[in-house]
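Engineer: Got a structure for you, written out below as C-alpha cells; questions coming shortly.
The values are calculated or read from the model by the stated rules, or taken from the named source; none is laboratory data. Bear in mind the structure is a predicted one, so any value in this text is a computation, not a measurement. Note: ideal-geometry Cβ built from the backbone for every residue, glycine included; neighbour counts use all protein chains shown. Surface accessibility is based on the protein's heavy atoms, side chains included, excluding ligands, DNA and RNA. Shrake-Rupley method; radii C 1.70, N 1.55, O 1.52, S 1.80 Å.
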Amino acid sequence: MTTNKTKQPERRSGTINLRVGDAQKEAIDRAAAIQGKSRTEFILDAAYGEATSFLLDRKFFLVDDATFEAFERQLEAEPDPQQLTALKALLERPAPWD
C-alpha cells in the first residue's frame, strides 16, 4: 500500500528511530531507489501500509454460544433480494481510503 499522491502530505511532527543491519539497510536503499523514493518515504509507505492492513484484518468478536449460533443461521440463510441489491451498491462504491 502506498500513500495517495493526490492528497496533501500529512505534516510530519513525530520521529521513529531504527537500528538495522547492513544487509537490511542495503536492501531498503535498493528498493527505495528503484521506486524513486527516499529511504524515509519507502519505510513510511511500507510500514504504514502494513499497519493499516494489519489493523483492518484484526477484528475479533467474543460472543456467547447462542449469539454465535444465530450468526451462523444468518450466514447459512438464503439472502434477501433487497439486501443483495444494497450489498451490490455498497461494494460498487469506492472505498474511503482509495
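Engineer: Looking at this structure, is E78 open to solvent by 100 Å² or more (accessible area, probe 1.4 Å), among the acidic types (D, E) and assigned to a helix (DSSP H, G or I)?
Structural biologist: For E78, the condition - open to solvent by 100 Å² or more (accessible area, probe 1.4 Å), among the acidic types (D, E) and assigned to a helix (DSSP H, G or I) - is not met.
Engineer: Within the group L56, L87, L44, which residue is in contact (Cβ under 8 Å) with a residue 24 or more places away in the chain, under 25 Å from the mean Cα position of the chain (by Cα) and in a helix (DSSP H, G or I)? Before the answer, list the steps.
Structural biologist: On the way: L56 fails: in contact (Cβ under 8 Å) with a residue 24 or more places away in the chain; L87 fails: in contact (Cβ under 8 Å) with a residue 24 or more places away in the chain.
Going through L56, L87, L44 in turn, just one is in contact (Cβ under 8 Å) with a residue 24 or more places away in the chain, under 25 Å from the mean Cα position of the chain (by Cα) and in a helix (DSSP H, G or I): L44.
Results for (1) under 23 Å from W97 (Cβ atoms); (2) out of contact with any Gly (no Cβ under 6 Å at 6 or more places or on another chain); (3) open to solvent by less than 100 Å² (accessible area, probe 1.4 Å), shown as yes or no for each residue.
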site	(1), (2), (3)
R11	yes, yes, no
G14	yes, yes, yes
R19	no, yes, no
K25	no, yes, yes
R30	no, yes, no
K37	yes, yes, yes
I43	yes, yes, yes
A46	yes, yes, yes
E50	yes, yes, no
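Engineer: Restricting the search to segment 55-67, which residues are open to solvent by 100 Å² or more (accessible area, probe 1.4 Å) and at pLDDT 90 or above?
Structural biologist: Hit for segment 55-67 is D65, nothing else.
Engineer: Criterion first (touching a Pro at 6+ places or on another chain (Cβ under 9 Å), among the polar types (S, T, N, Q) and at pLDDT below 95) does T3 satisfy it?
Structural biologist: yes
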